[in-house]
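What follows is a set of notes on a single structure, which appears directly below.
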Amino acid sequence: MSTQAWTTEAIEALFELPLMDLLFQAQTVHRANFDPNAVQLSTLMSIKTGGCSEDCGYCSQSAHHDTGLERQKLADLGEVLSNAQAAFDAGATRFCMGAAWRGPKDTDLSQVEAMVRGVKALGLETCVTLGMLKPGQAERLKDAGLDYYNHNLDTAPEYYEQVVTTHRYSDRLDTLKQVREAGISVCCGGIIGMGEDRRMRAGLIAELANLNPAPESVPVNMLVPIAGTPLAGLPVQAQARIDPLEMVRTIAAARITMPTSLVRLSAGRQSLGEMGQALCFMAGANSIFYGDKLLTTGNPEWTADQALFAKLGLTPAAVAESGRRCAH
Ligand code: SAM
Ligand code: DTB
Ligand code: SF4
């Protein structure tokens, strides 16, 4: 359990380091805690798509934005299990099921429990992201065998209401607390490139690192601008398709402040290209979403990732069940 409280200032100072110094520090921490050439693979599936009551400014699935996305009701168990089997066969070790809900209704949860049981029986780690939980729901998921719950803080607390107005940062923290108390591992990260400044990026990393314990998995997403969402309409200079090197710095800051967490290079890999991704791995990313689709947007093809791993000498690996690996 981490006991050190990170200040936003200290993390901002990491961002300000010369890039080579930052990368060296991140690599040193990474190598002390993980096999530096092993990358864990998670595959995503959208089990309920679109029509969400929340107004998250980046999201294709919000009913508040006209993104032209086709809504889909909760998937059948059979479809979920065949996708999970395909992910397993392709080398994924974790299967993450995402639903566009403010939070699950108790009746929905029964169906998700069956999915969790079925996916776990295939030999995969299970993860779901269902929005905010009500008391008792995390325990039900735990009993069904859920390993991870994804619930992102997304940005710094002071910027959150510029991005979302239908729920609060404190609601997100409350769900994370329930997940932790139920004994489920936490997957929690955020998005960069939403018009926030560097101090806010440092503030997000501070929030994550200080959750105490830090999340076992930390997905770092670059905004995928989606036509029809408020954030896709940011002024060009703010959006600026955030400099890929800022993604590298954010990953390095996550690695240094959360030394034993899996840091996932998440949305935005298509726009980073091979060189950008290589730098992210160098900065300490040791997990990716694997499969040609994220939830509603594209992701590199399996074959493209296999080719990249071969070029970089990376090995797909189950990085221990706890998400941790001993130093060697
Ligand atoms: N409804 C649930 C929730 O909000 O927690 C689960 C699904 S939500 C789509 C999961 C996460 O995906 C968000 O918290 C956000 O970090 C990420 N995400 C969604 N749209 C994105 C986009 N356009 N670009 C980058 N990340 C995005
Ligand atoms: C996370 O942090 N990123 C994933 C997962 N958790 C659920 C989702 C990325 C979504 C990107 C936009 C889309 O495909 O809709
Ligand atoms: Fe709904 Fe989640 Fe999208 Fe927000 S991020 S609109 S809660 S699906």
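The values are calculated or read from the model by the stated rules, or taken from the named source; none is laboratory data. None of the values given here were measured: they were computed from a predicted structure. When we count neighbours, we look across all protein chains shown, and the Cβ atoms used for this are built from the backbone with ideal geometry, even at glycine. When the accessible area is computed, the model is the full protein with side chains, heavy atoms only, and any ligands, DNA or RNA have been set aside. Shrake-Rupley method; radii C 1.70, N 1.55, O 1.52, S 1.80 Å.
Overview of results
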quantity	calculated
Members of region 77-123 that are in contact with a Phe, Trp or Tyr (Cβ under 7 Å, 6 or more places away or on another chain) and among the β-branched types (V, I, T)	V119
Residue within region 78-94 that is within 15 Å of ligand 1 (Cβ to nearest atom), surrounded by 17 or more Cβ atoms within 10 Å (Cβ to Cβ) and aliphatic (A, V, I, L, M) present	no
Options A202, A206, A232: the member that is modelled with pLDDT under 95 and not in a loop (DSSP other than H, G, I, E, B)	A232
Single match in T155, T166 (criterion: within 30 Å of T8 (Cβ to Cβ) and open to solvent by 40 Å² or more (accessible area, probe 1.4 Å))	T166
Residue match in region 98-121 (condition: within 15 Å of ligand 2 (Cβ to nearest atom), surrounded by 23 or more Cβ atoms within 10 Å (Cβ to Cβ) and farther than 21 Å from K142 by Cα)	no
Residue that is least open to solvent (accessible area, probe 1.4 Å) [pool: residues in region 34-53 that are within 14 Å of ligand 2 (Cβ to nearest atom) and out of contact with any strand residue (DSSP E or B) (no Cβ under 6 Å at 6 or more places or on another chain)]	G50
Meets criteria (of a type in the set (D, E, K, R), within 25 Å of A253 (Cα to Cα) and either away from ligand 1 (no atom under 13 Å from the Cβ) or outside any helix (DSSP H, G or I) (or both)) for E158	yes
Which numbered condition R249 fails, given (1) assigned to a helix (DSSP H, G or I); (2) more than 22 Å from N299 (Cα to Cα)	(2)
